[in-house]
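Visitor: Handing you a structure now.
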Amino acid sequence: MEFRIMGPLDVRDGGRDRTPTTPKHRDLLAMFLLNAGRPLTVERLRRLLWPREGGDRSDSLVRGYVGQLRQLLGKDVITTVSGSYVLAIGAHQLDVDRFRLLVDRGSYEEALSLWRGPALDDLDPDGERWEETRRLREELEELRLLALERRVQADLDAGRHRELLAELKRLTNQHPLWQRFRGQYMLALYRSGRRVDALAAYAVLRDQLDGGHAIEPDPELQLLYHRMLHDDVSLHVSAGPPVLLPPDIANFTGRADLLDRVVGGHVVVHGQAGAGHSGPGGHPPRPGPESITPRHQ
């Protein structure tokens, strides 16, 4: 049986939907899932089920709801230990536990595929009903952004900067002060031939941070900005520093004045020299200083 709380409450038993439909059964299951593996007393459950009434309900009513939930899910799912109730499920059965494990393992794409929204957003839309919901949401949001950040970085490293532009623009709009996304967006713009836009994206963040508080962007982002400002050629491709080739101008397509510069007897070429004359992401190199490729390799 699979329990999902990232997003609306959902219970699946193979292809069968086992999600409770009665409001108090749903609330009760949510409490058990938020406290999976931890014992809950009748008193604690009573206060969680009726938080605004100070738990002014009978113990027998709570036990009745627990008994009904057991009938829906199976008697072994909720066990009794020393007078308390425990939701007895494995880590692989709860989406939150799988999400944490996948992020820890670095399986970011798979982890993000589990995300359906804030925890229990159908039962506690504002996150103010239960303290457990609010804490879990804060933790999961941090993990989600971390997973997004690292998955985006992997895509950048693979040369998929153009494909990332729309997603990174959305992420910077949603999280304007998350500087890692801003830096990734700047780099994707820069590698897509949009250097002016990349510098403008930094200026927007700088103005947002200043806002009367005189706060500067992080040193890492400042360094990235200055490297772009001075057109650091090593930023043009994700594979590393620029390629150095002998300055035999006759072997290069394009005009000699398009070559970047000569350093130590070598021509500094923007981009990567590789088989098939392909540029970042497998696209043909564009003429000009961003990618000048030898005719013969």
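The values are calculated or read from the model by the stated rules, or taken from the named source; none is laboratory data. Quantities reported herein were computed from a predicted structural model and do not represent experimental measurements. All Cβ positions, even for glycine, are placed from backbone atoms using ideal geometry, and neighbour counts span all protein chains on display. Side chains are part of the model used for accessible areas, which takes the heavy atoms of the whole protein and leaves out ligands, DNA and RNA. Shrake-Rupley method; radii C 1.70, N 1.55, O 1.52, S 1.80 Å.
Visitor: Considering each of Asp122, Asp155 in turn, give the residue that is open to solvent by 50 Å² or more (accessible area, probe 1.4 Å), among the acidic types (Asp, Glu), over 21 Å from Pro39 (Cβ atoms) and touching a helix residue (DSSP H, G or I) at 6+ places or on another chain (Cβ under 9 Å).
Guide: Working: Asp155 fails: open to solvent by 50 Å² or more (accessible area, probe 1.4 Å).
Step by step, each of Asp122, Asp155 is checked, and only Asp122 is open to solvent by 50 Å² or more (accessible area, probe 1.4 Å), among the acidic types (Asp, Glu), over 21 Å from Pro39 (Cβ atoms) and touching a helix residue (DSSP H, G or I) at 6+ places or on another chain (Cβ under 9 Å).
Visitor: Determine which single condition Arg26 fails, assuming it passes every other condition in (1) more than 20 Å from Leu136 (Cβ to Cβ); (2) assigned to a helix (DSSP H, G or I); (3) modelled with pLDDT of 90 or more; (4) not acidic (Asp, Glu).
Guide: The single condition Arg26 does not satisfy is (1).
Visitor: Is it the case that Ser60 is modelled with pLDDT under 90 and farther than 28 Å from Arg16 by Cβ?
Guide: Numbers: modelled with pLDDT under 90: yes; farther than 28 Å from Arg16 by Cβ: yes.
Here the answer is yes, as Ser60 does meet what is asked.
Visitor: Still on this model: Can you tell me which condition Arg160 does not meet? The list is (1) open to solvent by less than 50 Å² (accessible area, probe 1.4 Å); (2) more than 21 Å from Gly37 (Cα to Cα), and all the others hold.
Guide: Arg160 satisfies all of (1) open to solvent by less than 50 Å² (accessible area, probe 1.4 Å); (2) more than 21 Å from Gly37 (Cα to Cα) except (1).
Visitor: Could you check segment 103-119 and list, in sequence order, the residues that are assigned to a helix (DSSP H, G or I), open to solvent by 20 Å² or more (accessible area, probe 1.4 Å) and either hydrophobic (A, V, I, L, M, F, W, C) or in contact with a Ser or Thr (Cβ under 9 Å, 6 or more places away or on another chain) (or both)? Walk me through it before giving the result.
Guide: Narrowing segment 103-119 to residues assigned to a helix (DSSP H, G or I): 103-105, 108-113.
This time we only want the ones that are open to solvent by 20 Å² or more (accessible area, probe 1.4 Å), so: 104-105, 108-110, 112-113.
Within segment 103-119, just Leu112 meets the criteria.
Visitor: Mind telling me which of the residues Arg57, Arg70, Arg38 ends up being under 21 Å from Arg137 (Cβ atoms) and either within 34 Å of the chain's Cα centre (by Cα) or of a type in the set (Lys, Arg) (or both)?
Guide: That would be Arg38, the only listed residue that is under 21 Å from Arg137 (Cβ atoms) and either within 34 Å of the chain's Cα centre (by Cα) or of a type in the set (Lys, Arg) (or both).
Visitor: If you don't mind, there's one more thing I want to ask. Would segment 130-150 turn up any residue that is in contact with a Pro (Cβ under 8 Å, 6 or more places away or on another chain) and over 30 Å from His25 (Cα atoms)?
Guide: Within segment 130-150, not a single residue is in contact with a Pro (Cβ under 8 Å, 6 or more places away or on another chain) and over 30 Å from His25 (Cα atoms).
Visitor: Can you tell me how many residues in segment 73-96 are assigned to a helix (DSSP H, G or I) and surrounded by fewer than 16 Cβ atoms within 10 Å (Cβ to Cβ)?
Guide: Here the count works out to 2.
Visitor: Among the residues of segment 125-151, write down those that are open to solvent by 30 Å² or more (accessible area, probe 1.4 Å) and touching a Lys or Arg at 6+ places or on another chain (Cβ under 6 Å).
Guide: Glu149
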